[in-house]
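Okay, structure first, notes after.
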Amino acid sequence: MNEPFRDFDLSDFWVDSDYAREEYIDSPLTLEKVAAVEHQLGYKLPTAYVALSQLQNGGIPKRANHRTPTPTSWSENHIAVSGIYSIGDSKPCSLLGSFGREFWCEEWGYPPIGIYFADCPSAGHDMLCLDYRVCGPAGEPSVVHVDQELDYRITLVAESFESFIRGLEFDEASD
């Protein structure tokens, strides 16, 4: 298996802000925490998600747009990312936090297709999800955009978490 992000510079990936520290950034990641979160979610996390979270466990990416093949309720050609959830349970925006998978599926009616791992600027009206429908709970999920405003329409964004991160762009790139 290849090392995730081997030829990709993540040294300046995250925004440094008080808001990110309060809402997204959890304590440093341990293998025990990964195992506990995977057990509770019932899914194996992508190796690239774990690798990114070992550098910083959750936060707001500086490159926050990703192109989409079809229009969404956000834009004609891209989605925007507010933050990437930490692996843990202590922050509101963590995989097991108050805005984790259970909240989005039970409170908002999002389809239970995997792990909702990133929010968008629409305050819950669209989300990014690790989609395990094809690969099963132990496989390598794709990244999809789920659009509540369009009857929970699911749009493929990237074939893997690593390709999703590599495909993030600065705001001006998607105008």
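The values are calculated or read from the model by the stated rules, or taken from the named source; none is laboratory data. In this text the structure is predicted, and so the values were computed from the model without any measurement. FYI the Cβ positions are ideal-geometry reconstructions off the backbone, even for glycines, and counts take in every protein chain you see.
Take SER11 and decide whether it is more than 28 Å from ILE154 (Cβ to Cβ), touching a residue at least 24 places away in the same chain (Cβ under 8 Å) and more than 16 Å from the chain's Cα centre (by Cα). So SER11 fails the test.
Being hydroxyl-bearing (Ser, Thr, Tyr), buried (at least 18 other Cβ atoms within 10 Å of the Cβ) and within 19 Å of PRO92 (Cα to Cα) is the filter here, so list the residues in segment 2-53 that pass it. Those that are hydroxyl-bearing (Ser, Thr, Tyr), buried (at least 18 other Cβ atoms within 10 Å of the Cβ) and within 19 Å of PRO92 (Cα to Cα): TYR24, TYR49, SER53. Would you check which residues across segment 64-94 are surrounded by fewer than 22 Cβ atoms within 10 Å (Cβ to Cβ) and of a type in the set (Phe, Trp, Tyr) and list them? TRP74 - this is the single residue of segment 64-94 that is surrounded by fewer than 22 Cβ atoms within 10 Å (Cβ to Cβ) and of a type in the set (Phe, Trp, Tyr). So ILE84 fits all but one of (1) at pLDDT 95 or above; (2) more than 18 Å from SER122 (Cβ to Cβ); (3) not small (Gly, Ala, Ser); what number is the exception? So the condition that ILE84 fails would be (2). Residues that are without any contact (Cβ under 8 Å) to a residue 24 or more places away in the chain, on the phi < 0 side of the Ramachandran plot and assigned to a helix (DSSP H, G or I) are absent from segment 147-156.
Per-residue answers, yes or no, for (1) more than 11 Å from the chain's Cα centre (by Cα); (2) crowded, with 21+ Cβ neighbours inside 10 Å; (3) closer than 19 Å to VAL37 by Cα; (4) of a type in the set (Phe, Trp, Tyr):
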site	(1), (2), (3), (4)
TRP108	yes, no, no, yes
PRO112	yes, no, yes, no
GLN148	yes, no, no, no
PHE170	yes, no, no, yes
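Inspect all residues belonging to segment 16-33 and state whether any of them is on the phi < 0 side of the Ramachandran plot, touching a residue at least 12 places away in the same chain (Cβ under 8 Å) and in a strand (DSSP E or B). No, every residue in segment 16-33 fails to be on the phi < 0 side of the Ramachandran plot, touching a residue at least 12 places away in the same chain (Cβ under 8 Å) and in a strand (DSSP E or B). Please tell me if GLY97 is modelled with pLDDT under 95, in contact with a strand residue (DSSP E or B) (Cβ under 9 Å, 6 or more places away or on another chain) and either more than 21 Å from ARG166 (Cβ to Cβ) or surrounded by fewer than 14 Cβ atoms within 10 Å (Cβ to Cβ) (or both). Yes; evaluated as a whole, the condition is true for this residue.
Residues checked against (1) touching a strand residue (DSSP E or B) at 6+ places or on another chain (Cβ under 6 Å); (2) free of Cβ contacts under 8 Å to residues at least 24 places away in the same chain:
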residue: ALA36; (1), (2): no, yes
residue: LEU45; (1), (2): no, no
residue: GLN54; (1), (2): no, no
residue: HIS66; (1), (2): yes, no
residue: THR72; (1), (2): yes, no
residue: ILE84; (1), (2): yes, no
residue: TRP104; (1), (2): yes, yes
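The residues in segment 114-136 that are over 20 Å from ASP89 (Cα atoms) and at pLDDT 95 or above can be counted, and the count is 6. Residues in segment 135-171 that are in contact with a helix residue (DSSP H, G or I) (Cβ under 7 Å, 6 or more places away or on another chain) and of a type in the set (Val, Ile, Thr) were compared, and the one that is nearest to LEU55 (Cα to Cα) is ILE165.
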